[in-house]
Amino acid sequence: MPVNLRGRHFLKLLDFKPEEIAFLLTLSKKLKEDKMVGTRHRLLDGKNIALIFEKASTRTRCAFVAACIDEGAHPEYLGKGDIQLGKKETVKDTARVLGRYFDGIEFRGFSQKTVEELAEFAGVPVWNGLTDLYHPTQILADFLTVMENFGKLEGITLAYVGDGRNNMARSLLIGGMKMGMNIKIVAPESLFPDDELISKATEIASETGASFELTSSVDKGVNGAHVIYTDVWVSMGEESQWNERLNLLMPYQVNESMMKKTGRDDTIFLHCLPAFHNNDTELSKETGALEVTEEVFEGKASRVFDQAENRMHTIKAVMVSTLGA
Ligand code: CP
Ligand code: NVA
């Protein structure tokens, strides 16, 4: 059966079959190649797209905007404070109104429940641009980058090092299990993913032949890894936990010595960005590098800007496949 995602929402990878994720990655690669050689299409011609952002964003917002414009759609940014969502108007009412104007809706915010509720009532495809629980469009970009480097996902060992219970760790674990990967969550035990997610991962792994491991040992966790992945130690909305997290996660900083511990010479480094890798930003001038050193971030193993570029091609694939003509 050919894959057909028309009319579908994109809320979390748990809702997708492995062949559907593979289809999105193949389409992303095709759209990327087309853009590279200047083959233009207008696959979203005349569509109106709402971009709701309760949290800040560089990549996700700009990837949606550029992808819309490439394909002939009109993106409308609705930032925090622009609309009444959940404050003066229920999510259900806002969804039903926006669904009358827009052909598709992206949501970035706090609660996964909000994006699920938008999807339930909007009557048009809704895409998750990050919630506290999941960041599924990011995973497509990550997996496309892995495939560009290793030619496959199945059998690839990805060690996610850092805050093992955040949206990125959770999404990589589920995505990895769907695609037959070996995912290692390397984190202090207090930051391991919750039992509910672990049981979902276990169930998917039994169907796909994937595997995962949770470990607080860096040596054990990164051994044999094709990919070392990290993310910020304090996610958006968790700023009050800053000091506690920094103390807890300092031993998990990705540095050259950790990269060597993989025992491979082709290991790549990935990060969804933004990253604390030097002291050149307002927030990092006090702390300096946190989750990754400047040496690794700027080093030969780093693929973080290919990964950031791939946000655009993969988000385009999500919109085109769920909404395209
Ligand atoms: N990786 C990512 O989602 O980046 P933004 O927060 O800039 O969108
Ligand atoms: N875990 C991070 C991801 C940012 C892309 C956050 O939620 O802030």
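The values are calculated or read from the model by the stated rules, or taken from the named source; none is laboratory data. Everything numeric here is computed off the predicted structure, so don't read it as measured data. Please note: Cβ atoms are built from the backbone with ideal geometry, for glycine as well, and neighbour counts cover all protein chains shown.
Would you pick out the residues in region 42-55 that are of a type in the set (D, E, K, R) and either exposed (fewer than 15 other Cβ atoms within 10 Å of the Cβ) or assigned to a strand (DSSP E or B) (or both)? Hits for region 42-55 are R42, D45.
Where residues in region 227-255 are among the hydrophobic types (A, V, I, L, M, F, W, C) and assigned to a helix (DSSP H, G or I), which of them is farthest from ligand 2 (Cβ to nearest atom)? Give the steps one after another, and end with the answer.
The first filter runs over region 227-255 and keeps only residues among the hydrophobic types (A, V, I, L, M, F, W, C), leaving 227-228, 232-234, 236, 242, 246, 248-250, 254.
Narrowing the set further to residues that are assigned to a helix (DSSP H, G or I) leaves 242, 246, 248-250.
Values: W242: 13, L246: 15, L248: 15, L249: 13, M250: 18 Å.
Here the answer is M250.
All of (1) farther than 22 Å from D142 by Cβ; (2) of a type outside the set (D, E); (3) surrounded by 12 or more Cβ atoms within 10 Å (Cβ to Cβ) hold for N243 with one exception: (3).
Can you pull out the residues in region 165-194 that are hydrophobic (A, V, I, L, M, F, W, C), within 12 Å of L214 (Cβ to Cβ), outside any helix (DSSP H, G or I) and in contact (Cβ under 8 Å) with a residue 60 or more places away in the chain?
Of all residues in region 165-194, those hydrophobic (A, V, I, L, M, F, W, C) come to 168-169, 172-174, 177, 179, 181, 183, 185-187, 191-192.
With the extra rule that they be within 12 Å of L214 (Cβ to Cβ), the set shrinks to 169, 173, 183, 185-187, 191-192.
Now drop any that are not outside any helix (DSSP H, G or I), which leaves 183, 185-187, 192.
Answer for region 165-194, where residues must be hydrophobic (A, V, I, L, M, F, W, C), within 12 Å of L214 (Cβ to Cβ), outside any helix (DSSP H, G or I) and in contact (Cβ under 8 Å) with a residue 60 or more places away in the chain: V186, A187.
Using the structure shown, decide if T137 is part of a helix (DSSP H, G or I), in contact with a Leu (Cβ under 6 Å, 6 or more places away or on another chain), buried (at least 23 other Cβ atoms within 10 Å of the Cβ) and at pLDDT 95 or above. No, not satisfied. State which residue is farthest from the chain's Cα centre (by Cα) when the search covers only region 283-302 and only residues that are within 16 Å of ligand 2 (Cβ to nearest atom) and part of a loop (DSSP other than H, G, I, E, B). Result: L283. W242 meets all of the listed conditions (1) under 20 Å from the mean Cα position of the chain (by Cα); (2) over 26 Å from A22 (Cα atoms) but one, namely (1). Taken together, T58, T39, T90 contain a single residue that is surrounded by fewer than 17 Cβ atoms within 10 Å (Cβ to Cβ), modelled with pLDDT of 95 or more and under 22 Å from the mean Cα position of the chain (by Cα), which is T58. Scanning region 164-199 for residues that are among the small types (G, A, S) and surrounded by fewer than 24 Cβ atoms within 10 Å (Cβ to Cβ) returns G180, S190, S199. Got at least one residue in region 121-131 being more than 15 Å from the chain's Cα centre (by Cα) and either closer than 26 Å to A301 by Cα or assigned to a helix (DSSP H, G or I) (or both)? Looking for residues that are more than 15 Å from the chain's Cα centre (by Cα) and either closer than 26 Å to A301 by Cα or assigned to a helix (DSSP H, G or I) (or both), one finds at least one in region 121-131, hence yes.
All of V254, V304 fail the test of being surrounded by 22 or more Cβ atoms within 10 Å (Cβ to Cβ), hydrophobic (A, V, I, L, M, F, W, C) and within 30 Å of F10 (Cβ to Cβ), apart from V254. Every listed requirement among (1) of a type outside the set (V, I, T); (2) part of a loop (DSSP other than H, G, I, E, B); (3) without any contact (Cβ under 8 Å) to a residue 24 or more places away in the chain is met by L153 save one, (3).
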